[in-house]
Amino acid sequence: MNHWLVFAARRLFRFVVSLFVLAVATFAMVHAIPGDPVRVALGLKAPAALVTAKRHDLGLDLPLPQQFLDYLQRLCTGRLGSSLISGLPVRRLLSEQLPATAQLACYAFLLAVLLAVPLGMFVGVRTRNGRARGTEAGFVTVTGFFSVIPDFLLAVGLVFVFAVTLGWFPPAGLASPVAFVLPVLALAAAPGALLSRIVRVETRRVLDAPYLRTARAKRLPDRLLYLRHALPNLLTSTLTMSGLILGSLLAGTVLVENIFAIPGVGMQLVQSVLNKDYPVVQALAIVFGGAALLIHLVVDIAIAAADPRSTIRER
Amino acid sequence: MRQLTRPLGLTTLVLVSVTLLLAVFGPVLWSARADSIDIDAMRQGMSAAHPFGTDYLGRDVLARTLVATRLSVLLALLATVLGAALGILLGTLPVVLGRRIGGLVVAFINLTVAFPGLLLAIFFGVVFGVGADGAVLALAVALTPNFARLTYTRAVAVAEADFVSAARLLGVPRAVVITRHVVPNIAEPLVVNFASAIGSALLSFAALSYLGFGVQPPSYDWGRLLNEGLPRIYTDPASALLPGFAIVFAGITFVLAGELTARLLTAEPPGHRAAPRETAAPGEPEPGGEHGVLRVVNLRVRFPAANPVCGASFTLHRGEILGLVGESGSGKSVTGAAIAGLVPHPGQVEAERLEFDGEPLDPARLGDRLAMVFQDPMSSLNPALRVGRQLAEVAEVHRNADRRSAMARAVDRLRAVRIRDPERRAAQYPHEFSGGMRQRAMIGMGLMGEPRLIIADEPTTALDVTVQRDILGLLREVRDTQGTAVLFVSHDIAVVRELASRVLVMYAGRIVEELPASALDTAAHPYTRALVASSPDLRTDRSLPLATIEGRAPDATEELPGCPFAPRCSYADERCHTELPAPRDLAGHRVSCWHPIGALEVRA
């Protein structure tokens, strides 16, 4: 138990330090913008008085260290400011848009993992020791194809086939549960294909391991052989890969939301960057960055929990 | 270079050439057509004049897509080159800066790698501004962490490699070490990473342009064309699908190019040598005596490329410890695996007779009557499962025991193999066991049932000498208390001599001699003699060089007409090279040799 406390404390510390680096980075982002961000955002024709007022509102007229401290304080208390363009508080924007994005990413992640792990294991078992070469070639080709096609182009293809031509699914929005199908498919396809390939290779590696020969020598039924003896040894690599998948889904949602016109944070991000709406971009950077860090933390802990050896290895 | 003529290589070369040709000549050939505005033909669908329709200014979509190749590829290339340069610079910093500041840089690299590149590019787009230049910079920065991490990890690995230390010890100057040893070994993975990074940069750039962060009108790349075409997907799908297709095409091309580069730079795998052969093994006389635990007549194991066992016959009696010795590759381990039904696919096992416990051997019905102990106790236990669990499941599966009584038996068996504190040990994972304890646990696992036979495949080879004695003693004890027969497979003739009562000597897939362990010094087969002579024991005169067997054992793919040992045998004559010797019974011996040493030949 002691191991676990030390381990958790260390990881948590690393997480907090990373969050701090993220805060510095987002603060630096606004100050790295060439010229005056408020002037850039409001346009050249905006009256000087308005620009000065906005600068004062944002605290941009204070000395830098003071600004940074204020920024940290605002972050800690959750005051994220408001949009330069619409004047709406960023918190309200987030509370309206975050659920759609989170749902999309979670469904896509679940679909990818739930499909890829059994499929990869099944094909790995079938193609062990050079058996079933036809299955192997088919699997490698199909998953190779899907792992290369970027999600936003697959989205275009899906819209064309299933929404425009066949009319089975709505081409945009998230009004009904069916509307989730195409965007989730578009998001899940590439990471799912990639994950299933990795699971297959790992399955074959594990099936060749001496401890699986021991299990066979005990003449265990296939069910125990694959589920009890092989599966736990696949977990580390699967979890590592899953973390990367979740991370890449964050970027994927930005594109897919734009193609399916889904009102999520991804769509908001694109508009805010194009409109140079810095407070919103800053807040979204914190949200996306924080999510990536959180995924990293969760995966680290999950790997440690899944592998009996990892707590010992941890220095 | 053979990779280039294989299907993957050829396809990749063709795709890369097409892409590069389009990038170079596309704008020259179709620029005029792509830029000619035709107000009368705005937003048209497919037609003979415009196979993929026209855009909002009546410009031909096909021509524009072809022309856009140059800009799309060029921008991706630019971003990758810049990203690689920045990454390599950042990655070498920790090596140059020393431990403390270098550590900070490494932590920073690891932090940034966790972020998806495209998101980084979008956020950096805020700083660098919207447009092609800004997008190139943003994408370059997004690609940097990957190159940095690869550079750093490779540099550290190479700097710690033996050949670099050796060069340093030899006094090779630092600059020479870096240019001759370090750089080439870092360059290879970087080149591979670079090739595949172009593909992902191309896709990312298309995404950025599609979102409106990249190329701005009137310039256009594929992403920009997709951005213009997508809103019309209902009316003229071709104008959205064509640029999409172009992006996928180029993306796949560069991913394949990355794959090909990787294969070109890594060593070619050796081709398979297929040499299947028919063996007409001589029908051997039936071994006499009472029916044993195991009876094997003319066992053969075939693989497509080799026949590791070609005609082995022997009998194993109740409570007997039978040694099976031979050099590596002689087929002794495969013989053990064949009996247990563990020969891997596509190997095939055949035998005139294969009887276990008086009935034909059926691996599916062996249950827990046959147990195996393998060479490497470090990897033979499942690292993810508790040791007790791995023992208990044998009773659960084969004896229908419930979880609790199975675990009780597991603890009892661990105690039986003299593991101290078995209750606590049963709840531990294999990595918490020492090597000798794991091997004892493996034997305990075999004792979960009441095995009639234990096949021990080099069970002591991976252990140090004191632990070896321990394991041998344990096997003897099991034999004494339970009457279990043991087939002890080993290359170590000294160990076999100590443990076994009878010894089978295997060479090139055949059993060349069968004799009592006590008679090893007076063996009849020249090979057995050589094997004994090359194995030192306490009586060996250490002032003389240790005897070795000249030449090497034939590998299982070779076809030899005569005695397989003939090429290495000093007694061999013409007959030995042309005719396979049949096994003959001498006094207490069976030997397959035309010239048995010092034998008072007694024909059976």
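The values are calculated or read from the model by the stated rules, or taken from the named source; none is laboratory data. Source: prediction; values computed, not measured. Backbone-built Cβ (ideal geometry, glycine too); neighbour counts: all protein chains shown. For accessibility, only protein heavy atoms count, side chains too; no ligands or nucleic acids. Shrake-Rupley method; radii C 1.70, N 1.55, O 1.52, S 1.80 Å.
So is residue B:208 in contact (Cβ under 8 Å) with a residue 12 or more places away in the chain and open to solvent by less than 10 Å² (accessible area, probe 1.4 Å) or not?
Spelling it out, residue B:208 is indeed in contact (Cβ under 8 Å) with a residue 12 or more places away in the chain and open to solvent by less than 10 Å² (accessible area, probe 1.4 Å).
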Residues of segment B:378-405 satisfying the condition of being facing another protein chain (nearest Cβ under 7 Å) and among the charged types (D, E, K, R)
B:393
Out of the strands (runs of 3 or more DSSP E) lying entirely within segment B:301-381, which hold 1 or more residues that are modelled with pLDDT of 85 or more and among the aromatic types (Phe, Trp, Tyr)?
B:309-316, B:353-356
Would you confirm, using the coordinates I've provided, whether residue A:174 is more than 9 Å from chain B (Cβ to nearest Cβ) and crowded, with 21+ Cβ neighbours inside 10 Å?
no
Return the total of residues in segment B:442-453 being within 15 Å of residue A:215 (Cα to Cα) and away from chain A (no Cβ under 11 Å).
3
Residue B:130 being of a type in the set (Val, Ile, Thr) and free of Cβ contacts under 8 Å to residues at least 40 places away in the same chain:
no
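Does residue A:163 satisfy the criteria of being in contact with a Pro (Cβ under 6 Å, 6 or more places away or on another chain), open to solvent by less than 40 Å² (accessible area, probe 1.4 Å), within 11 Å of chain B (Cβ to nearest Cβ) and modelled with pLDDT under 85?
Yes.
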Positions within segment B:218-257 being more than 10 Å from chain A (Cβ to nearest Cβ), in contact (Cβ under 8 Å) with a residue 12 or more places away in the chain and not in a helix (DSSP H, G or I), in sequence order
B:219, B:220, B:221, B:236
Restricting segment A:208-230 to residues that are surrounded by fewer than 23 Cβ atoms within 10 Å (Cβ to Cβ) and either in contact (Cβ under 8 Å) with a residue 60 or more places away in the chain or outside any helix (DSSP H, G or I) (or both), the one farthest from the other protein chains (Cβ to nearest Cβ) turns out to be A:226
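Return yes or no: is residue B:404 modelled with pLDDT of 90 or more and open to solvent by 10 Å² or more (accessible area, probe 1.4 Å)?
Criteria met by residue B:404.
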Give segment B:327-345 a look and list any residue that's within 11 Å of another protein chain (Cβ to nearest Cβ) and open to solvent by 60 Å² or more (accessible area, probe 1.4 Å), or say none.
B:344, B:345
Please find, among A:154, A:158, A:182, A:195, the residue that is part of a helix (DSSP H, G or I) and more than 14 Å from chain B (Cβ to nearest Cβ).
A:195
Among the residues of segment B:84-114, count how many are in a helix (DSSP H, G or I), open to solvent by less than 60 Å² (accessible area, probe 1.4 Å) and in contact with a Pro (Cβ under 9 Å, 6 or more places away or on another chain).
10
Looking only at segment A:286-301, filter to residues that are of a type outside the set (A, V, I, L, M, F, W, C) and open to solvent by 30 Å² or more (accessible area, probe 1.4 Å); which one of those is nearest to the other protein chains (Cβ to nearest Cβ)?
A:296
Taking only pairs six or more apart or across chains, which ones have beta-carbon atoms under 6 Å, a first residue in segment A:62-76 that is over 12 Å from residue A:24 (Cα atoms), and a second residue that is open to solvent by less than 80 Å² (accessible area, probe 1.4 Å)?
A:70/A:59
Restricting the search to segment A:231-242, which residues are facing chain B (nearest Cβ under 10 Å) and open to solvent by 10 Å² or more (accessible area, probe 1.4 Å)?
A:231, A:232, A:233, A:235, A:236
Does at least one position in segment B:186-198 carry a residue that is open to solvent by 30 Å² or more (accessible area, probe 1.4 Å) and part of a loop (DSSP other than H, G, I, E, B)?
no
For a quick check of your reading: which helices (runs of 4 or more DSSP H) sit entirely within segment A:1-90 and have at least 3 residues that are surrounded by fewer than 17 Cβ atoms within 10 Å (Cβ to Cβ) and within 14 Å of chain B (Cβ to nearest Cβ)?
A:2-32
Checking residue A:237 against (1) in contact with an Asp or Glu (Cβ under 8 Å, 6 or more places away or on another chain); (2) over 20 Å from residue A:157 (Cα atoms); (3) touching a residue at least 40 places away in the same chain (Cβ under 8 Å); (4) small (Gly, Ala, Ser), only one condition comes out false. Which one?
(3)
Across segment B:407-429, which residue is surrounded by the most Cβ atoms within 10 Å (Cβ to Cβ) among those that are within 13 Å of chain A (Cβ to nearest Cβ) and over 18 Å from residue B:371 (Cβ atoms)?
B:429
Residues to consider are A:128, A:200, A:223; find the one that is of a type in the set (Lys, Arg), modelled with pLDDT under 85 and closer than 30 Å to residue B:429 by Cβ.
A:128
Leading residue by the ranking (farthest from the other protein chains (Cβ to nearest Cβ)) among those in segment B:115-144 that are in contact with a Leu (Cβ under 7 Å, 6 or more places away or on another chain) and not in a helix (DSSP H, G or I)
B:130
